[in-house]
């Protein structure tokens, strides 16, 4: 699964941020953060885009809560990094990135418990 998560991280980041790079280059609105009024006007321009925006913002909030709770449960460090990546680059690349690290942590714990069993 780790290979799949790694691939999805790259694909998610490229696919979702391709348009961000284009808009940033054309308008100077770096990562859509330097001109927040312009960004808000664009993402809420139509009822359809508003529906997708609200849906994505809610999912991103839930994902950040899950990053925290799951990360704490597994003893993962630097959880706020995932929050910052979500804010800066979006969820499409950050979620599989978190899942990659979660899978690594689960493997570590599994190997550690096997070592303790045989010790």
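Restricted to the stretch 1-95, the set of helices (runs of 4 or more DSSP H) holding at least 1 residues that are closer than 24 Å to residue 107 by Cβ and touching a residue at least 40 places away in the same chain (Cβ under 8 Å) comprises 2-27.
Conditions tested, residue by residue: (1) surrounded by 14 or more Cβ atoms within 10 Å (Cβ to Cβ); (2) at pLDDT 95 or above.
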position	(1), (2)
72	no, yes
77	no, no
80	no, yes
85	yes, yes
88	no, no
91	yes, yes
98	yes, yes
101	yes, yes
105	yes, yes
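The values are calculated or read from the model by the stated rules, or taken from the named source; none is laboratory data. Because the structure is predicted, anything quoted here is derived from the model rather than measured. Backbone-built Cβ (ideal geometry, glycine too); neighbour counts: all protein chains shown.
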